[in-house]
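First up is the structure itself, then whatever we jot down about it.
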Amino acid sequence: MHEKIIILDFGSQTTQLIGRRVRELNVYCEILPYNKFPENDPNIIGVILSGSPFSVYDEKAFKTDLSKLIGKYPVLGICYGAQFMSYANGGKVEPAGSREYGRANLSKFDKENLLLKGLSENSQVWMSHGDTITEIPEGFEVIASTDKVKIAAYEIKGKNAWGVQFHPEVFHSTEGTKLLSNFVVGVCGAKQNWSAASFIETTVANLKETLGNDKVVLGLSGGVDSSVAAVLLNRAIGKNLTCIFVDHGLLRKNEFKNVMKDYEVLGLNVIGVDASEKFFSELAGVTEPERKRKIIGKGFIDVFDAEASKLKDVKWLAQGTIYPDCIESLSITGTVIKSHHNVGGLPEKMNLKLCEPLRLLFKDEVRKVGHELGMPEHLINRHPFPGPGLAVRILGDITREKVEILQNADDIFIQGLRDWGLYNEVWQAGVILLPVQSVGVMGDERTYERAVALRAVTSTDAMTADWAHLPYDFMAKVSNDIINKVKGVNRVCYDISSKPPATIEWE
Ligand code: XMP
């Protein structure tokens, strides 16, 4: 097993980013809830405590037993993590006069300190806190200040522990990665040998050991995550893996056929099931977005279950769950905005053990693993696509006719992005069929037809997204092609909303 850094999550919005930064240093890390520190894991080489939406004084504030950490491992507390370490040892934390938010500069710092070595004069850091540390306990030493914040960073002398009031993990802390590297590599001694190749090697070995000669079933969606999970499992257990690809009739144009071919080339054992009839009849007349999602989620489970139960002696259900899915489901203050049908449901119903070989990877890491496994680029770099498919891009009820219109418009848009070299510039793109008709004129004829909206966003993790600033010439061409070639559409709009407050999908 790999050496690892543990990041204890106290609920900050940037906890995931800390994980990303550590992984970018080619060091393996795991994000765990603040109260789930795995005491007996010999592979831990250091611990980072995240920020939190709470103040240390809040009744609900998350607390953990620091005596199990400080002095036993190198520790770095970030924002709340730093406040909590100081407060728990008798220091003082008080509300900052005004909320300290935004850029600041380390005007004074100890250039010889292990944590701050190599940072430049006036290094820019990002502050975001309502409380501030006003007094540190005995044995703590201030190692950095800004104009406004006297105790911007401290060290607990002789304990290999530090606290920083600012957020080194965010982009605006320009030398934040250097600081994290000082901790992770300099102090904790990480070897920086975490890579896609090493991940594949350890994971395949682990899968072989855990699964032995057991049979495994996996649901393929055509997306990157499930495809990479399948190829990885195939490498570990070969024929003992059976994949099921359910076509609910709401995929992109020709998607089912094309992806089945890709899977064949990859040597996967795949059962393709055309269940579109079932889905169309169950969805007929349904307009409410959550209801559509629930019907598709349940339908998917039924079809999958029926197919899987035809297989003999299956013991495991494999899924392409990735890290953000897990972290989101841990989220301490989470609200359900949309139910993602592919997360829950199946394992309980099927009474199978769950195997999730990618559960500790971020999306870009999954892509690197796919690349290393020799999968074709178009499969690895494919945009994310929602499990309920085009159903959440057709506002209102769903019919085969509407799906076909949308597939044709979508195909023009996506192919256009590829032809213009824009496909990999955006995080994802698609077309939405609107429930409105408008008047137009074609030749000498009056038309009264449908409107579609194009949606293309840039993002790094789909948690936040901005609308993509696509070239006007490109949009003109796509709009023209759609209106000329897709019967039933006479108007094209472009969605210029960011997430938040909008979401990527319309439903
Ligand atoms: P939203 O619309 O919430 O979407 O901004 C965020 C990302 O999730 C995708 N999405 C889904 N993915 N099952 C999935 O696997 C789903 O039910 C689902 N709904 C939305 C969406 O395409 C975007 O990438």
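Here's the yes/no breakdown for (1) under 18 Å from Asn113 (Cα atoms); (2) of a type in the set (Val, Ile, Thr):
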| residue | (1), (2) |
| --- | --- |
| Gly139 | yes, no |
| Val142 | yes, yes |
| Ser145 | yes, no |
| Glu155 | yes, no |
| Lys159 | yes, no |
| Val164 | yes, yes |
| Pro168 | yes, no |
| Thr174 | no, yes |
| Ser181 | yes, no |
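For segment 486-507, give me each residue that is more than 16 Å from the ligand (Cβ to nearest atom), of a type outside the set (Lys, Arg) and surrounded by fewer than 19 Cβ atoms within 10 Å (Cβ to Cβ). Residues satisfying the conditions are Gly488, Cys493, Tyr494.
Just one of (1) within 14 Å of the ligand (Cβ to nearest atom); (2) at pLDDT below 95 fails for Gly389. It is (2).
Has segment 90-104 got at least one residue that is on the phi < 0 side of the Ramachandran plot, open to solvent by 30 Å² or more (accessible area, probe 1.4 Å) and not in a strand (DSSP E or B)? Checked against the condition, which is being on the phi < 0 side of the Ramachandran plot, open to solvent by 30 Å² or more (accessible area, probe 1.4 Å) and not in a strand (DSSP E or B), segment 90-104 yields no hits at all. For segment 188-201, enumerate the residues that are touching a residue at least 40 places away in the same chain (Cβ under 8 Å), out of contact with any helix residue (DSSP H, G or I) (no Cβ under 7 Å at 6 or more places or on another chain) and either open to solvent by 40 Å² or more (accessible area, probe 1.4 Å) or charged (D, E, K, R) (or both). Once the filter is applied, which keeps residues that are touching a residue at least 40 places away in the same chain (Cβ under 8 Å), out of contact with any helix residue (DSSP H, G or I) (no Cβ under 7 Å at 6 or more places or on another chain) and either open to solvent by 40 Å² or more (accessible area, probe 1.4 Å) or charged (D, E, K, R) (or both), segment 188-201 yields Gly189, Lys191, Asn193, Ser195.
Among the conditions (1) in a strand (DSSP E or B); (2) at pLDDT below 95, the only one that Lys148 does not satisfy is (1).
The residues on offer are Val228, Val246, Val259, Val216, and the sole one that is buried (at least 16 other Cβ atoms within 10 Å of the Cβ), among the aliphatic types (A, V, I, L, M), at pLDDT 95 or above and touching an Asp or Glu at 6+ places or on another chain (Cβ under 9 Å) is Val246.
Among the conditions (1) within 16 Å of the ligand (Cβ to nearest atom); (2) assigned to a helix (DSSP H, G or I); (3) surrounded by 15 or more Cβ atoms within 10 Å (Cβ to Cβ), Asn424 misses just one, which is (3). Counting only strands (runs of 3 or more DSSP E) that sit wholly inside segment 155-262, those with at least 2 residues that are under 30 Å from Lys292 (Cβ atoms) are 215-220, 241-247.
Number of residues in segment 393-410 that are within 14 Å of the ligand (Cβ to nearest atom) and surrounded by fewer than 22 Cβ atoms within 10 Å (Cβ to Cβ): the value is 1. If you filter segment 471-485 down to residues that are farther than 19 Å from Leu434 by Cβ and touching a residue at least 24 places away in the same chain (Cβ under 8 Å), you find that the one that is most open to solvent (accessible area, probe 1.4 Å) is Lys477.
The values are calculated or read from the model by the stated rules, or taken from the named source; none is laboratory data. Bear in mind the structure is a predicted one, so any value in this text is a computation, not a measurement. Positions of Cβ are generated from backbone atoms using ideal geometry, with glycine treated the same way; all protein chains shown enter the neighbour counts. SASA here: full protein model, heavy atoms, side chains in, ligands and nucleic acids out. Shrake-Rupley method; radii C 1.70, N 1.55, O 1.52, S 1.80 Å.
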